[in-house]
1. Which ones in the range 30-74 are crowded, with 17+ Cβ neighbours inside 10 Å, acidic (D, E) and more than 30 Å from A201 (Cβ to Cβ)?
2. Answer with yes or no whether T190 is in contact (Cβ under 8 Å) with a residue 40 or more places away in the chain, in contact with a Lys or Arg (Cβ under 6 Å, 6 or more places away or on another chain), over 24 Å from W18 (Cβ atoms) and of a type outside the set (G, A, S).
3. Could you list, in sequence order, all residues of the range 61-85 that are among the hydroxyl-bearing types (S, T, Y) and modelled with pLDDT of 95 or more?
4. Quick check: is even one residue across the range 94-101 buried (at least 21 other Cβ atoms within 10 Å of the Cβ), in contact with a His (Cβ under 8 Å, 6 or more places away or on another chain) and more than 22 Å from L216 (Cβ to Cβ)?
5. Could you look through the range 75-90, keep only residues that are of a type in the set (A, V, I, L, M) and in a helix (DSSP H, G or I), and pick out the one that is surrounded by the fewest Cβ atoms within 10 Å (Cβ to Cβ)?
Amino acid sequence: MTTPFMNGLQDTYRSTVWPGLVLTRKERHLLLEAPELLDSLGSSIHGGGMSRLQRVTNMYVDRTYDCSDPVRDTEEWLTAWGYPLETTAGLLTAVQLRHAAVHEEKNEQAAVFCCTTAGVSNAARAGSERRTFAAYTPGTINIMLAIDGQLTKAAMLNAVMTAVEAKAAALADLDVRDPDNGLVATGTTTDAVVLGVSQSAAYAGLHHYAGTATDLGAMIGRAVYATVKEGLLAAWSERK
């Protein structure tokens, strides 16, 4: 199931495949909150790397945002909102939060939930000659991915790989181009992803792989592909 749930439809989304997992739109951020601590892997400016998290926030900043110290800013905002720094990840985005899209599904082995905010104003193709930047800027495609199931650390990394492949596939199918060279984009210059895994024994079996040959990888791919595509189409339709 895929829904652009922030487009005026609702401000709170309660997962239908993972009891207790809730996504909420606040005034300046999205909050994804799990019912328990999750094993996590991500590239968020706060709470990135391998950690234990219960919340992921995707914070809106406008395009004039001063990026000189995003770590300090993120920590100050999380503290002001009352979220524990040690168990909360913080992403930054210049994409309108109302264009966020959600996809979730489950099988007998796991449940997958994904929320993505997507924009392509700085689309880029990895591996090609283009301009590069040293300074940090807010993420344009931010993926919050949550899996209720048991994964090894290697499978968690495999899940992130599959998510990135699905993102690139969505951009290719939408014919998003790198403005520097005209080639099909694989992402943007500022993408980020956070993965959270419950490690719950409610689903039998330990996943050692999460690539496209696996049922779990297929669910991850569908979720990320659908939310990247839906988020971009929602933003583009508003411009018309």
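The values are calculated or read from the model by the stated rules, or taken from the named source; none is laboratory data. If you're wondering where the values come from, they're calculated on a predicted model, not measured in any experiment. Because the Cβ atoms are built from the backbone with ideal geometry, glycine has one as well, and the counts that use them run over all protein chains shown.
1. D73
2. The answer is no for T190.
3. T74, T79, Y83
4. The first filter runs over the range 94-101 and keeps only residues buried (at least 21 other Cβ atoms within 10 Å of the Cβ), leaving 95, 99-101.
Now narrow it down to the ones that are in contact with a His (Cβ under 8 Å, 6 or more places away or on another chain): none.
Among the residues of the range 94-101, not one is buried (at least 21 other Cβ atoms within 10 Å of the Cβ), in contact with a His (Cβ under 8 Å, 6 or more places away or on another chain) and more than 22 Å from L216 (Cβ to Cβ), which makes the answer no.
5. Initial filter on the range 75-90 (of a type in the set (A, V, I, L, M)): 78, 80, 85, 89.
Filter once more, so that each one left must be in a helix (DSSP H, G or I): 78, 80, 85.
Working: L78: 21, A80: 8, L85: 12.
Once the filter is applied, the top-ranked residue is A80.
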